[in-house]
Each structure stands twice: as C-alpha cells, then as structure tokens.
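Asker: So that we are looking at the same thing, I have put the structure below in structure tokens.
The values are calculated or read from the model by the stated rules, or taken from the named source; none is laboratory data. Values in this document were obtained by computation on a predicted structure and should not be read as measured data. Cβ sites come from the backbone with ideal geometry, for glycine too, and all protein chains shown count toward neighbours. To get the accessible areas, we keep the full protein, side chains included, count just its heavy atoms, and leave off ligands, DNA and RNA. Shrake-Rupley method; radii C 1.70, N 1.55, O 1.52, S 1.80 Å.
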Amino acid sequence: MQALKPSRLPARSGVGFKPEHFDAIIEAVQPLGFFEIHAENYMGKGGPPHARLSRLRQDYALSIHGVGLSIGSPEPLDEIHLDRLKALCDRYEPESFSEHLAWSSHEGTYYNDLLPLPYTEETLDRVVEHVDRVQERLGRRMLLENPATYLLFEESTIEETEFLALIARRTGCGLLLDVNNVFVSATNHRLDPAAYLDRFPLAAVGEIHLGGHAETTDDLGAPLLIDSHDRAVKDPVWALFETVIARRGPLPSLVEWDNDVPAWPVLLREAEAAETILSARYTPDAA
Amino acid sequence: MKNKHIATLALAGSLASALAAVSATSAMAEDSKEKCYGIALKGQNDCAAGAGTTCAGTSKMDYQKNVFKLVPAGTCETIKTPEGHGSLTQGPAPV
Amino acid sequence: MSRKPSATQSIGRFAAAVVGAPETVPPGLGAWNGGSVERRFGVYRNNVREGLIGALASRFPVTEKLVGRAFFSALAEAFLLSHPPRSPVLMEWGDALPAFIETFEPAATVPYLADVARLEAARSHAYHAADAAPVQPETLAALDSERLALVRLVSHPALAILRSPYPVLTIWERNTGDSEPAPLELGGGEDMLVTRPQMRVELRPLPPGAARFFEALEEGQSIGWAAEAAHAETPLFDLTLAFTLMIQSGAFSAVAEET
C-alpha cells in the first residue's frame, strides 16, 4: 500500500484566491504563506482560470479546498467528481487538499451549500468510508473541516467534536479547524466556544480557517449567526484563534472572504493580522 | 470541370488576399497580461468565469412572490421592439 | 431499541424541503431553545436559492441586466426548480437556460432575451474551453492552392457561431459595462462569431454568408464545400472577408490530416 502524501502547507497566513485580485498579487511579493482555491471553480478545461492559477503556483504554496464532494452524504461518493479532483491534484500538486463535514448533493441534485448531517453511529461509518475512499483515490491525507450549523438533528447521538475526533482516528485524516465556524455554531446552539475547543482534537489540526459572519435572530429572537464570509473577522473569533495558536503553535491559517470581496489591501491586512498572531508563537526551530 | 477550376482559383486568390490583409494589420498591440491571463479591460463586463461554488452562506434574503406577475424591468426598456413581434422560436436556432 | 429514522431519510427530507415551499420545515430538527426552526431552516433555504441564482446571474450578466434583478431572480428560481444542477461544476450549469427562457411566459415581451443568453452561454464556454493555438497564417499560406478546396480545418475548442433574428451582438455590447445603454430600435438579425485565440473571449459580427461558411467548416466540411454553401445562401458572401475573419479570430486550430 502506498503511503499517503501528507498535508504540508507552511505554518503561515494565507488567503482565498479571488481572480479580481490577480493583478495586485503578481505585482509584488506578497507576505503570505499560501493561497487556497475552491476546487470546483478550476474544473474547466483551460482558459484564464488555469492560466492565473499556474502563474500563482510558481510563487506560492497551494491549498485545494473542495466544496462539492458531499462527503457527509449517506449516498455513495460521486466517483466522477472524485476523478475530477484527482486530475486537479495531479495537475497542480497542492500542498494540501481539504473538504467539509457536510453534504451538498442528494439524488443527483447539487445544492451548492454545505448542508448538515445527523451525528450517529450510522453516519459516522459512512463518513469514515468516504474519507477513506477520498484518501485512497487522491493518494493524500486530506483535511476535514468542521461545519457552521444553524440547527440540530434530534436523532444525533454523538457530539460534533467527538464525531470529528473519531473520523480522524479511524481514517488518519487531518482536520481543518474553522474557528469562525466554531464561534458561529457555538452561538447558534448556545454552547461555550472555548469548551468546544477544549473538546476538539487539536492535535489533528492541519489548517485553520478564519472568516467573517453576519448576525441575525431565530424565531424566538435568540442570536443566529450566519457564516457569510462577507466581512472582516470579528474580535471573538480572533480571540479563539489566539487560544488555538497558543496551544498548538503556528498553523497554516487562512482568511476566507468570498462575498462582497474587498480590495486586495483590505484582505491582505486581515492576513497580516493573522500573521501577527502566528509570528508571536514562532520559535527558532519551528521556522 | 471548368467551374471547379475557377472555384479553385477564386479560393486561392481570396486566401492570398486575406493573408496579405492580416499580415498588414498583425502589428495589433495586445496587452500581454490580458493575452496571458485574460485580465478584463477596465469597464468591461467579464463575468464569464461564473460565480462558481461557495463555502459561505449568505445573509441576503430577497424572496420573490407572484413570479408570473413580474414584468421585465431592466435595460430592456431602452430597446424598442416592433409591435407584434413573434416569439423566438420563429427564428433559426443559433448555436 | 427503538427504530430511529435513518440518516438517508432525514437527509432526503431536508433536501426536498430546502428547495420546497417557504413554510415547509422537515421534522426531526430542533434548536436549543425549543423554538420553531423556521428561520434557522430558512438560512439553508436562502443559501441554496441565493447561491444558485447568483451562479446563474454571474454567467448571464447581460441577460440579468436587460430584465432587472427581480425578474431575473424569478426566472432563475423557476429554472433551478425545473433544471437543478446535476454536478458541482457550476460553470456548466445553465446551458439549458436559453431554451427555458423561450418557454418562460413572462419573458415573451423580451423576444431577443433567449438569444442574448445563448451568446452569454457561448462566451462562458469559450472562457473555460481547452487551450489551443490558432492555426498560423504561415500554415495556410503553405497549402497547395490546387488542393485548397479539399482542405478541412479543426475547430478551436472555444469556437461558437451564433445566428439570431435579432441584433443580439449589438444588444450585448450596449448592455455590457456599468453605464445606461443608449436607446436602440430593433433592426435586423445578426450573425456572430465567438472565439478565444489567447486568453480573452472575442466576439465578432459576421457579414452575410460567413456564418454558413464557418458552420460548414465547423461541421468538418471542406473549404470548397463551405464556400459553395455560403454562396448558395447569399450572393453577398465575400470569401476574402471570411478568410480574413477566420485568420484574425483564431476560429480554427489546425488543418485536418487528410484521411
């Protein structure tokens, strides 16, 4: 059996790549460790998306982040889509591949959203099978991301942190800890985000996500946060990030800004804020 | 036979003229970045990439009701259609 | 042990409701405060709807601009219910939108809309098409003139030829960009050529007969056959002009091997 390629992004800050920033990015050497792309947006045959990505790849480490594989689905994985991911990974040889603990397709329809699943022994077995299959097909150790959720399944019997820990243990996959998702989900389910982090298997974390969220309320007027990636990272999320970095040391840390994308300098400032927190924990031999 | 000969001459002559015309204008200045990476010219609408996928949610809500009462209300108002224009299916199907 | 609903069932119900009527919330979902989960479920419903409508809007920006955001959203919602995406590669979703517009009754007052959408679909196909170098002028110059009529060409992957009874290219050009378009009186139809010789999608209006010429070449007919077909369509067909456009546009990537 072939050994899986590890996830090996530099323990620095990075940002999600947006085509509108391409000109600004290649004009100078950016103080960033890596860029991340959504795999599905690079599944055309050619043209400008691949030309730009190839150019970026010359200078930066790359994280390929899938959003459409539907790993959390009870249905079998879409092998055609897995083939596409394999081809993309072969083409760009990214330092990391990650996906979500969520489903996005059902009975052949693609919903374009990261939808939630109940956490049970049954779904655990299914997700473990799927992660095993992805890692086998890609020949890589993947990272699985914790979701932002807005409601709970009554049938769930396993806590999310335990569910993720069991997947990591059984498949050997790493985890992508989205700190904004932790804050969003904890608020939405009135949990203590610090307690969530205490239970999270931090040793398995290979990358951090940071992003902005919107605030609204539920039917009873309780706070309901939306993982909207349309604004700056909020203070309590930065605080959670500092907690994680203090415990784990520097990790590859990505700022996601996918809606109402700002000018490049604004996004870069967010990444620099992350870098400041990381660099406080750099040690001479960690570099 | 004779016709075909003329056609051959016409084809070759036309191609030669076209090649000459193109080489005379081939010093077209092209922005090299645009040539290599498809960067859109300023002010040009180049959303051909498509929005694509997202891993983010949205807080924007604009639910529409009564779909079939809707009337087109964009820049089509600047385009005058002759009265009684038939439906598109009357035209030859493009693509 | 009590029989619990399997995840397949609960996810199936979730999937059906997330694109269902706004009042429908599947059973088995809850919130910490025991309240109704309508607004919570509404976040997912809204993500799916807005995400998919947004994906269509960015592929069909001029179509949206012509009819306005509210109308386009309603059109897109009707489309996504009858033609939901079947793959996570959304750049391919919406190929059926032009034909759908033709059947969408509220759009009947905008008879050119479907063809504008066809042009935008062709543009996005060209944008993502495989990279290929256009056939070089030197290659064409080196062809044996005696055998020229029999030569066939290989289409560039980005090539599309569109013919409309409406001036669709003019409409598209006027409605591209941020400024309010100048008034336009609908005249005759237009033929147009979509290519991507390098990294930028190029659009060209085609003179009389040229669309027939390019269509024939795209179908794999010989240059002589294509020229005759174009002449048969209209005596106005200008072969020199058609060759010039062919070379400038990068519509073809190679001379086909003789078989």
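Asker: Any chance the range A:73-80 includes a residue that's buried (at least 19 other Cβ atoms within 10 Å of the Cβ), assigned to a helix (DSSP H, G or I) and within 14 Å of chain C (Cβ to nearest Cβ)?
Answerer: So far as the range A:73-80 goes, no, none of its residues is buried (at least 19 other Cβ atoms within 10 Å of the Cβ), assigned to a helix (DSSP H, G or I) and within 14 Å of chain C (Cβ to nearest Cβ).
Asker: Report whether or not A:L240 is touching a Phe, Trp or Tyr at 6+ places or on another chain (Cβ under 8 Å), surrounded by 15 or more Cβ atoms within 10 Å (Cβ to Cβ) and closer than 27 Å to A:F22 by Cβ.
Answerer: Spelling it out, it is not the case that A:L240 is touching a Phe, Trp or Tyr at 6+ places or on another chain (Cβ under 8 Å), surrounded by 15 or more Cβ atoms within 10 Å (Cβ to Cβ) and closer than 27 Å to A:F22 by Cβ.
Asker: Any idea which of C:S58, C:S36 is out of contact with any strand residue (DSSP E or B) (no Cβ under 9 Å at 6 or more places or on another chain), within 30 Å of A:T187 (Cα to Cα) and either more than 14 Å from chain A (Cβ to nearest Cβ) or of a type in the set (G, A, S) (or both)?
Answerer: The conditions single out C:S36.
Asker: Also, I was wondering about something else. Look at the range A:135-185 and say how many of its residues are within 14 Å of chain C (Cβ to nearest Cβ), of a type in the set (A, V, I, L, M) and under 20 Å from C:T8 (Cα atoms).
Answerer: 3
Asker: Residues C:P84, C:P88: which one is at the interface with chain A (Cβ under 10 Å from one of its Cβ atoms) and over 17 Å from the mean Cα position of the chain (by Cα)?
Answerer: The conditions single out C:P88.
Asker: Quick check on my filter: what residues within the range C:49-92 are under 12 Å from A:Y110 (Cα atoms) and among the hydroxyl-bearing types (S, T, Y)?
Answerer: C:S87 - this is the single residue of the range C:49-92 that is under 12 Å from A:Y110 (Cα atoms) and among the hydroxyl-bearing types (S, T, Y).
Asker: Quick check on this structure: which one of C:P88, C:P98 is open to solvent by less than 10 Å² (accessible area, probe 1.4 Å), touching an Asp or Glu at 6+ places or on another chain (Cβ under 8 Å) and part of a loop (DSSP other than H, G, I, E, B)?
Answerer: It is C:P88.
Asker: Would you point out the residue of the range A:209-251, among those that are away from chain B (no Cβ under 14 Å) and touching a residue at least 60 places away in the same chain (Cβ under 8 Å), that is farthest from C:N47 (Cα to Cα)?
Answerer: Once the filter is applied, the top-ranked residue is A:G249.
Asker: For the list (1) away from chain A (no Cβ under 13 Å); (2) open to solvent by less than 50 Å² (accessible area, probe 1.4 Å); (3) of a type in the set (A, V, I, L, M, F, W, C), I need the number of the one condition that C:W93 fails.
Answerer: It is condition (1) that C:W93 fails.
Asker: Among (1) of a type in the set (A, V, I, L, M, F, W, C); (2) touching a Ser or Thr at 6+ places or on another chain (Cβ under 9 Å); (3) farther than 30 Å from A:L151 by Cα, which single condition is C:V43 missing?
Answerer: It is condition (3) that C:V43 fails.
To keep it simple, each residue is scored yes or no on (1) in contact with a Ser or Thr (Cβ under 9 Å, 6 or more places away or on another chain); (2) more than 17 Å from C:T244 (Cα to Cα); (3) open to solvent by less than 20 Å² (accessible area, probe 1.4 Å).
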| site | (1), (2), (3) |
| --- | --- |
| C:E120 | yes, yes, yes |
| C:H125 | no, yes, no |
| C:A130 | no, yes, no |
| C:E146 | yes, yes, no |
| C:A149 | yes, no, yes |
| C:P157 | yes, yes, no |
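Yes/no per residue for (1) open to solvent by less than 40 Å² (accessible area, probe 1.4 Å); (2) touching a Cys at 6+ places or on another chain (Cβ under 9 Å); (3) within 13 Å of chain B (Cβ to nearest Cβ):
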site: A:S13; (1), (2), (3): yes, no, no
site: A:F17; (1), (2), (3): yes, no, yes
site: A:Q30; (1), (2), (3): yes, no, no
site: A:I37; (1), (2), (3): yes, no, yes
site: A:M43; (1), (2), (3): yes, no, yes
site: A:G47; (1), (2), (3): yes, no, yes
site: A:H50; (1), (2), (3): yes, no, yes
site: A:L53; (1), (2), (3): yes, no, yes
site: A:Q58; (1), (2), (3): no, no, yes
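Asker: Do any residues in the range C:23-34 that are more than 9 Å from A:E154 (Cα to Cα) have Cβ atoms under 8 Å from those of residues that are of a type in the set (S, T, Y), where the two are at least six apart or on different chains, and which pairs are they?
Answerer: Listed pairs, sorted by first residue: C:V25/C:S36; C:P26/C:S10.
Asker: Continuing with the same structure: Do the conditions hold for A:G46, that is, is it of a type outside the set (S, T, N, Q), touching a residue at least 40 places away in the same chain (Cβ under 8 Å) and touching a helix residue (DSSP H, G or I) at 6+ places or on another chain (Cβ under 8 Å)?
Answerer: Taking the combined requirement at face value, the residue does not satisfy it.
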